[in-house]
Amino acid sequence: MATEAQGEGSGLVFHPMDQFIVKPLFRDIAPGSCDAAAGLTDGCVRWYEPTNVTLWLALSALVVFALFVLGTRGRALIPSRVQSVAELTYGMVHKMVEDVSGKDGLRYFPYVFTLFCFILFANLLGLIPKSFSTTSHIAVTAVLALFVFLGVTILGFVLNGTHFLNLFWVKSAPLALRPVLAIIELISYFVRPVSHSIRLAGNIMAGHAVIKVFAAFAAILAIAPISILAIVGMYGLEVLVAVIQAYVFTILTCVYLKDALHPGH
Amino acid sequence: MENVATYAELGKYLGAGLACIGMAGAAMGVGNVAGNYLSGALRNPSAAASQTATLFIGMAFAEALGIFSFLVALLLLFAA
């Protein structure tokens, strides 16, 4: 690993990426005991094992359930605090889908809302100290983005048939320019799931790694106060980023949905 | 033979550092989006609220390319 201890003697030890290691929940694994080439499989995470990723994914699903099912159970006319949080979130995403994808996009509102809540709470739970931020793994976000991509592509062809291809054949451009634009549009279409997933994972991962780098500087007494202030500041920024990235992921889903519902520029 | 491995290692770190220059472009892009949004919003505050979604979409697209350079740096450090 590139994040080996640097300057171990001075107490300055950087391990910014260690927080992202996937570990089995019920078993300790020795470092370096997973090497398929040498026949060592003890330290490998087996596919059926619950890991810290499993735990925190399940917890974020549970928090969403608690907020939206248990929190709104009362259905009070004057909502309690939990109920109004749930209602405001619902209203915000509902308005967003309606504004960006149009009225007919509201049919797909449940999926978009599920995405938003899940990503939001996965991001926020990842900010609890000692927890595990599941959305920092490209494997997690790639699945979310890939389902959006596949769903939107299938939806576009089912709803519009071959008319969906107008997305790539820009009618408003001069004829000579259209093949060039078609290639550009095609590339940008297939880069969508990549940027969609890496934006979320990259932002979360980078923020958490920066906090850990500042944490390592706290070991030096002279700069410890500055370092701790920097951690506090970064943490505040990370809370903001967690919410904004969930918002951005959802709003991009709405934009892609709009393209599938109304292809052609 | 040892030298080759050392140079490959050196190249990885240099490449990761160089890839980070790409983030400067993303920084300019995001700053441009936010700055233009603000100057537009101050001229016509009543239209500002309806354009926040566009602001975030524009920021996300500008930021995506910076994230790509970050990804290249990560791939060089941990995967190459």
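Obtain the nm distance between the two label points defined at residue B:5 and residue A:75 by a simple spin-label model: each point lies 7 Å from its Cα along the Cα-to-C-beta direction.
With each label point 7 Å from Cα toward Cβ, the separation is 6.9 nm.
Give me the distance in nm between label points sitting 7 Å out from Cα along the Cα-to-Cβ direction at residue B:51 and residue A:184, one decimal.
For the pair residue B:51/residue A:184, the computed spacing is 2.3 nm.
Run the quick spin-label model on residue A:88 and residue A:139: label points 7 Å from Cα toward the beta carbon, then report their separation in nm to one decimal.
3.7 nm
Give the average, rounded to an integer, of partner chain Cβ atoms located within 10 angstrom of each Cβ in A:90-100.
Details: counts 0, 0, 0, 0, 0, 1, 3, 0, 0, 4, 3.
The per-residue average across the peptide is 1.
Tell me which trypsin sites (Lys or Arg not before Pro) from segment A:44-85 have a DSSP coil assignment and no more than 14 other beta carbons within 10 Å of their own.
Here the trypsin sites (Lys or Arg not before Pro) that fit, given the DSSP loop and packing criteria, are A:46, A:73, A:75.
For a quick check: with amide H placed at 1.01 Å from N, whose amide H comes under 5 Å from residue A:51's, ignoring anything fewer than 5 positions away on the same chain?
The answer is A:25.
Can you grab the distance from the C-alpha centre of segment B:1-16 to the C-alpha centre of segment A:94-118, Å, no decimals?
With segment B:1-16 and segment A:94-118 each reduced to a Cα centre, they are spaced 48 Å.
Given R₀ = 45 Å, FRET efficiency for residue A:58-residue B:34 by Cβ-Cβ distance, to 0.05? Intermediate values should be presented prior to the final figure.
Numbers: r = 37 Å, r/R0 = 0.82.
Efficiency computed from Cβ-Cβ geometry: 0.75.
Between their Cα atoms, which of A:103/A:171; A:23/B:12; A:212/B:12; A:23/A:95 are more than 32 Å away from each other? Show your work: numbers first, answer last.
Numbers: A:103/A:171 25 Å; A:23/B:12 27 Å; A:212/B:12 23 Å; A:23/A:95 40 Å.
The answer is A:23/A:95.
Mind listing the lone cysteines of chain A, meaning no other Cys beta-carbon sits under 4.7 Å from theirs?
By the Cβ distance rule, which asks for a partner under 4.7 Å, the isolated cysteines are A:117, A:254.
If I take every Cα pair under 8 Å that is 6 or more residues apart in chain A, average their sequence separation and divide by the length, what percent do I get for the relative contact order? Intermediate results must be reported in sequence, preceding the final value.
Numbers: 295 pairs, mean separation 65.9, N = 265.
The value is 25 percent.
So what's the projected area for segment B:1-74, the Cα convex hull averaged over all directions, in nm²? It would help to have the intermediate numbers written out before the result.
Working: hull surface 19.7 nm².
Orientation-averaged projected area of the Cα hull: 4.9 nm².
As a footprinting exposure proxy, order A:33, B:50 by other Cβ within 10 Å, with the fewest listed first.
On the way: A:33 12, B:50 9.
The fewest-first ordering by Cβ neighbours comes to B:50, A:33.
Just counting partner chain Cβ atoms within 10 Å, what average do the residues of peptide A:200-207 show around their Cβ? Working shown, then result.
Numbers: counts 1, 3, 9, 3, 0, 2, 4, 0.
Partner Cβ neighbours, averaged per residue: 3.
For segment B:2-79, calculate the relative contact order in percent as a whole number, restricting contacts to Cα pairs under 8 Å that are 6 or more residues apart. Spell out each step's value before the answer.
Working: 53 pairs, mean separation 41.7, N = 78.
Relative contact order for segment B:2-79 comes out at 54 percent.
Every read-out reported here was derived from the displayed coordinates using simple, explicitly stated rules and does not represent laboratory data. Remember, it's a predicted structure, so these values are computed and weren't measured experimentally. Ideal geometry is used to build each Cβ from the backbone, glycine not excepted, and the neighbour counts take in all protein chains shown.
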